[in-house]
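The values are calculated or read from the model by the stated rules, or taken from the named source; none is laboratory data. Quick caveat, the model's predicted, so the values are computed rather than measured. Positions of Cβ are generated from backbone atoms using ideal geometry, with glycine treated the same way; all protein chains shown enter the neighbour counts.
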Amino acid sequence: MSRPGTAEIRRARMVSQRLADASRLAPDPAAIAKAVCGVQAQDSFAGTMQLRVRSTRLTAEAVERAVAVDRSMVRTWLMRGTLHLCAAEDIRWLLGVFGPMNARREATRRKQLGLDDSVCERGVRVMRRALANGPMTRHELRAEVIAKGVPIEPVGQSMIHLLAYAAHRGAIVLGPRRGRDSLFVLLDDWLPPSSGPSGDAALAELARRYFAAYGPASVQDLATWSGLPMAAARHAMTSIAGELAEFAGSIDGVMTLRTVKAEAQSPGRQRPEVRLLPHFDTYLLGYRRR
């Protein structure tokens, strides 16, 4: 039997990514977000469409309700330091993995903007007090921070970097909308307490989720999707090695893997399927080579 080619591997990935007819999910936005470990959503409409294409009968109104009413999804900066829309129950353990790492990586740029650690902590304290009275837009928070004497530019990038710092610290997340504006909320006020893995167990869970939703994939793909250093990605994959099986094929000369809970064989010849994908779709951004 010949080894599967690139087209067959891509079909297998469509199944894992819930893009094939046979693997699309019920119209539950949070469940879909959990199944693919979040969708990139600096463009909130593109995030909504990523959920829609993985389901049937899902509406934009249902996604908005999940965020604003059910509070079952939130947005914050996670994988690759970018905004992701994630299941609320996953947010704290994902922040445990990515929050400190993203904060470290952005420290140089913050300092260039005059945001040393003391300024950032002052800003976070001001925002905590302001948001205790309810959700606020970025512009409202900027005005409040400036009014309280935190040295933030009235225009420019400093405020978005301060907001990201507060999010990395687990203080705030993006919640509902007011018209066209996204609103920031206090994480601990907006969501109930939740438990989840931490440390090495969180890295293992991240790898488990990745290979279940993106396989067949390689450790290089895991590192690209997550933004983890290669050593951390390799450690995460190795920690669940017993749950992975080799996929009978390779892409770019790299043997690919997938979780043993799914079929570890080529899907073979199947009826071709076509999916229109939105900007920033996880199928496009989840691998080393797009």
**Q.** Long-range neighbours under 9 Å by Cβ, at least six apart or interchain, first residue closer than 15 Å to Val119 by Cα and among the charged types (D, E, K, R) within segment 146-174, second at pLDDT 95 or above and not in a helix (DSSP H, G or I)
**A.** Glu153/Leu113; Glu153/Gly114
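Among what's in segment 15-30 and is farther than 14 Å from Ala60 by Cα and of a type outside the set (A, V, I, L, M, F, W, C), pick the residue that is surrounded by the fewest Cβ atoms within 10 Å (Cβ to Cβ).
The selected residue is Asp21.
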Q. Among Ala33, Ala41, Ala12, Ala66, which is of a type in the set (Gly, Ala, Ser), over 20 Å from Phe280 (Cβ atoms) and buried (at least 16 other Cβ atoms within 10 Å of the Cβ)?
A. Ala12
**Q.** Residues (in contact (Cβ under 8 Å) with a residue 40 or more places away in the chain and part of a loop (DSSP other than H, G, I, E, B)) located in segment 207-233
**A.** Gly215, Pro216, Ser218, Gly227, Leu228
Q.
I need the full set of residues from segment 30-62 which are β-branched (Val, Ile, Thr), assigned to a helix (DSSP H, G or I) and touching a helix residue (DSSP H, G or I) at 6+ places or on another chain (Cβ under 8 Å), in order please.
A. Ile32, Thr48
Q: Those residues that are of a type in the set (A, V, I, L, M), farther than 13 Å from Arg125 by Cα and in contact with a strand residue (DSSP E or B) (Cβ under 8 Å, 6 or more places away or on another chain), I need them from segment 138-172; list them, please.
A: Ala164
Q.
So Leu19 passes all but one of these: (1) assigned to a helix (DSSP H, G or I); (2) touching a residue at least 60 places away in the same chain (Cβ under 8 Å). Which condition number does it fail?
A. (1)
Q: Quick one: which residue in Gly199, Gly227 is surrounded by fewer than 16 Cβ atoms within 10 Å (Cβ to Cβ) and on the phi > 0 side of the Ramachandran plot?
A: Gly199
Q) Among the residues of segment 102-116, which ones are over 12 Å from His161 (Cβ atoms) and either of a type in the set (S, T, N, Q) or in contact with a Phe, Trp or Tyr (Cβ under 9 Å, 6 or more places away or on another chain) (or both)? A) none
Q) Hey, any hits in segment 65-81 for a residue that's over 17 Å from the mean Cα position of the chain (by Cα), assigned to a helix (DSSP H, G or I), among the basic types (Lys, Arg) and more than 20 Å from Arg138 (Cβ to Cβ)? A) yes
